[in-house]
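The values are calculated or read from the model by the stated rules, or taken from the named source; none is laboratory data. Predicted model, so just to flag it, every value in this text is computed and none were measured. Backbone-built Cβ (ideal geometry, glycine too); neighbour counts: all protein chains shown. Side chains included, ligands, DNA and RNA excluded: accessible areas come from the protein's heavy atoms. Shrake-Rupley method; radii C 1.70, N 1.55, O 1.52, S 1.80 Å.
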Amino acid sequence: GPPTINNGNHTVLVEVPFGTNVTSLVATFSLSPQASATVGSTTQVSGTTPNNFSSPVTYAVQAGDGSVQNWTVTVSFAANTENDILTYSLPGQTGPATINNCNHTVLVEVPFGTNVTNLIADFTLSPQASATVGSNAQVSGNTPNDFSSPVTYAVQAGDGTIENWIVSVSFAPNTETDILSFSTDGYNGTVDSTNHTINIIVPYGTDISDMTATFTLSPEAEARVSGGLQQSGVSSLNFSSPVTYSIIAGDGITSQDWIVTVSFAPNTATDFESYSFPEQTGNAVINSNTHTIYIQVAYGTSLSNLTASFQLSYGATANIG
């Protein structure tokens with residue numbers, strides 16, 4: 001706008017747009033007839049002589065009669081109209097924030113599992129600008145916000161104009177490759193997270209050739225066996241020998257092999273499964289309820305030194321006396 005010339009105080013006030021380089025401005029001016037002006041020892045020529053207006057400049061204006069009057073010329077900046085977020089960061093972020101000046105958005109990625117309910121941002125704004133979230137003034141490095149959902153920053157320029165900026169926080173893919181729990185047909189496994197093994201003990205005699213596994217993994221992870229995707233509670237496998245599960249993390253790159261071993265508990269059965277003498281006349285009658293065996297031998301056979309052939313439950317032993 002036009003300068004403010006105060007003849008009483010001998011001052012001139014000029015406002016220029018915010019950010020103008022004022023270190024070498026050339027002024028256009030007119031003086032009283034026959035008057036001339038100097039700044040320091042430099043004669044001032046309108047439209048030609050540059051000066052540094054970073055601080056007030058004193059013009060010595062000399063009249064035609066030789067008298068001198070000092071005039072102070074002060075250059076000030078208009079209020080800034082910019083309302084941008086220039087830089088933005090959150091603790092532990094995985095890389096620089098993506099700042100979009102067209103859409104007025106900021107995207108920040110943090111490690112998977114970060115608690116984002118009370119994060120404090122470091123940011124810089126356009127000169128003279130300030131920011132609020134709701135009714136809360138934002139102070140860089142000091143004000144916490146809940147970033148569970150996008151946060152709207154109202155950035156107010158020096159001239160009072162406001163622009164809303166949306167700050168969104170996302171999680172980096174998970175790199176964890178853990179099996180958290182594992183069971184087969186209802187039999188729970190013991191998870192060893194150090195050695196990446198799972199051991200399951202099932203009752204003796206259980207059919208382990210076609211068992212369905214139920215498991216939980218690290219968030220975003222998936223399990224594969226020999227390349228085939230495994231679904232908890234759906235996929236069935238033969239556990240007659242140890243099975244290798246490849247756990248692939250959410251990042252699609254990190255993987256870890258886990259060995260699942262199903263073994264039998266000791267047999268608790270204490271039965272005779274068969275019994276015979278060479279001298280018998282028919283099959284022995286084995287009664288598992290009364291725990292008795294009845295066997296008939298040929299008449300006249302000496303019973304004092306008979307040798308029996310028998311088969312017991314797996315792992316069982318027999319004693320007399």
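How large, in Å, is the chain by the Kirkwood hydrodynamic radius built from its alpha-carbon pairs?
In the chain this quantity evaluates to 29.7 Å.
Pop out the carbon and sulfur fraction of the accessible area of the chain as a percent, whole number, probe 1.4 Å. Numbers along the way, then the final one.
Working: 9500 of 19040 Å².
Accessible surface attributable to carbon and sulfur in the chain totals 50 percent.
Given the options Gln93, Val68, Asn51, identify the residue whose Cα lies farthest towards the positive end of the charge dipole of the range 44-166 (+1 on Cβ of Lys, Arg; -1 on Cβ of Asp, Glu).
The one lying farthest along the dipole's positive direction is Val68.
Springs between alpha-carbon atoms under 10 Å, Gaussian network over the chain: tell me which of Val260, Val285, Val155 tops the mean-square fluctuations.
Answer for the Gaussian network model of the chain: Val285.
Computed FRET efficiency, Cβ-Cβ of Ser241 and Ala265, R0 22 Å: what is it to the nearest 0.05?
Values: r = 18 Å, r/R0 = 0.82.
FRET efficiency, Ser241 to Ala265: 0.75.
On a 1.4 Å probe surface of the protein chains, which of Ile99, Ile200 comes out largest in accessible area, and what is the full order?
Ile99, Ile200
Over the chain, what is the relative contact order in percent, taking alpha-carbon pairs closer than 8 angstrom and at least six residues apart? Spell out each step's value before the answer.
On the way: 675 pairs, mean separation 32.0, N = 321.
With pairs under 8 Å counted, the relative contact order is 10 percent.
Just for the Cα atoms in the range 1-141, what are the lengths along the principal axes, largest first, rounded to whole Å?
Dimensions of the range 1-141 along the principal axes of its Cα atoms: 82, 29, 24 Å.
Going 7 Å from the Cα of Asn283 toward and past its Cβ, which residues in the range 296-321 have a backbone nitrogen under 20 Å from where you end up?
Flagged as within label range: 296-298, 308-314.
Can you work out the Karplus-derived ³J(HN,Hα) for every residue in the range 35-46? Use 6.51 cos²θ - 1.76 cosθ + 1.60 with θ = phi - 60°, whole Hz, and x for glycine or proline.
Residue by residue, the range 35-46 yields 7, 9, 9, 10, 10, x, 9, 9, 5, 9, 10, 4 Hz.
Highest GNM mean-square fluctuation, the chain, Cα pairs closer than 10 Å: which of Ala223, Ala308, Ala121?
Checking each option, the largest mean-square fluctuation is seen for Ala308.
Using amide H atoms built in the peptide plane, which far-off residues or other-chain residues are under 5 Å from Gln44 H to H?
Ala37, Thr38, Val39
Around Ala157, with a cut-off of 15 angstrom between Cβ atoms, what is the net charge of the other residues, counting Lys and Arg +1 and Asp and Glu -1?
Working: positive: none; negative: Glu82, Asp84, Asp159, Glu163.
Taking every Cβ under 15 Å from that of Ala157, the sum is -4.
From the phi angles alone, apply the Karplus equation (6.51, -1.76, 1.60; θ = phi - 60°) to the range 10-22 and give each ³J(HN,Hα) in whole Hz, x where the residue is Gly or Pro.
6, 10, 10, 10, 10, 10, 10, x, 4, x, 4, 6, 9
Which whole-Hz ³J(HN,Hα) couplings does the range 209-222 yield from phi under the Karplus relation 6.51 cos²θ - 1.76 cosθ + 1.60, θ = phi - 60°, glycine and proline marked x?
7, 8, 10, 9, 8, 10, 8, 10, 10, 4, x, 6, 7, 9
Could you tell me the relative contact order of the range 23-62? Use alpha-carbon pairs under 8 Å, at least six residues apart, and round to a whole percent.
Numbers: 54 pairs, mean separation 20.9, N = 40.
That works out to 52 percent.
For an R0 of 35 angstrom, estimate the FRET efficiency from the Cβ-Cβ distance between Asn52 and Thr87 and round to the nearest 0.05.
On the way: r = 30 Å, r/R0 = 0.86.
The value I calculate is 0.70.
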